[in-house]
Amino acid sequence: MTKSQYASSGVDIDSGNRAVELMKDSVRATYNDSVLAGIGSFGGLFDVSALKKMDQPVLVASTDGVGTKVKLAASLGRYRGIGHDIVNHCINDILVQGAKPLFFMDYFAASKLNPEQTAEVVTGIAEACKEAGMALLGGETAEMPGVYREGEFDVAGTIVGVVERNKILPRQNLKEGDVLIGLKSSGPHTNGYSLIRKVFADAPLNTLIPELNMSLADAFLTSHRSYYSMLYSLLSEIKALAHITGGGFIENIPRVLPENLSAVIHLNSWQAPPFWTLIQQKGNISTEEMYRVFNMGIGMVVIVDKSGAADFQKSISEPTFVIGELINGKRKVILD
């Protein structure tokens, strides 16, 4: 058989086909009655007839990546969790506007496609989509020698959801005295990994860290959690949600505030997990930068009326923390 000139240039179509074959069952497991065409089609088809039952349906879309967390995953040969990361990050990003996820599209690129590696990432994506009741409608795998270094890959995704126009968050009734409630993160989620990698550049990743009761590798690669199942049924009680992603508290909370309000965060209102103390001490990082880069153990901030805060906390089946309140100000975050 004549050797493919395309393969000799670094791109193997057969590897891409094998990756699709390995992942197709996982992807199809996410399909529902709205999916009309998925794997193998030029574009995914999704029937939106159900939206006719809504009064004023608004589509909400978001695209994101996992950042340099993929370098750690590649170096450790642990790929499936990265799929959960990208989906759950995107779910949270549209949840803060009150949206229910409809479908997801993924993009996976590498210097050279390893079918098993690619399928492992996409299987993780499919698992997270299925957990959220969302279809993995399609995606793209790309082999790009010369663009990515050997052994490296990247993953990104786009989510589309829907919300009634009159239920879009944040609401317009935010006011001084409203309470900020913090929900636990599962770890660093998908943010600050360039700094994390710098801080621990000389540390063996598989070493057990007594303070964490796990290895650094396990701490670094704990998947980004989704808050959808916890919060979606409670959105009518919520005035605003802030997903604590890149930019930490300092950059993300102001995104949901009107021009006349600021947020005070009481740093002693919860105990940041030991992982953050370890990063801060080893990296000699200031407290302000820690709260501007990382989630510090709080992955989602919920803003509710003070009178309903206690009842809201009781409706959550895990510990939550009153971490601050809104004050008159100029759309800033004050660390207290």
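The values are calculated or read from the model by the stated rules, or taken from the named source; none is laboratory data. Here the structure is a predicted model, which is why all the values come from computation and not from measurement. No Cβ is skipped: glycine too gets one built from the backbone with ideal geometry, and neighbour counts run over all protein chains shown.
Values for this structure:
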item: Test: residue in segment 185-208 that is at pLDDT below 85, on the phi > 0 side of the Ramachandran plot and surrounded by 13 or more Cβ atoms within 10 Å (Cβ to Cβ); result: no
item: Test set (1) in contact (Cβ under 8 Å) with a residue 60 or more places away in the chain; (2) surrounded by fewer than 18 Cβ atoms within 10 Å (Cβ to Cβ); (3) within 24 Å of Arg28 (Cα to Cα) - Pro101 fails condition number; result: (2)
item: Ile94 vs. criteria within 24 Å of Gly187 (Cβ to Cβ), buried (at least 19 other Cβ atoms within 10 Å of the Cβ) and in contact (Cβ under 8 Å) with a residue 60 or more places away in the chain; result: yes
item: Candidate set from segment 190-230 (those that are within 21 Å of Gly67 (Cα to Cα) and among the β-branched types (Val, Ile, Thr)); member that is farthest from the chain's Cα centre (by Cα); result: Val199
item: Entirely in segment 107-189, the strands (runs of 3 or more DSSP E) that have 1 or more residues that are under 21 Å from the mean Cα position of the chain (by Cα) and in the same structural domain as Asp311 (by TED's automatic domain parsing); result: 179-184
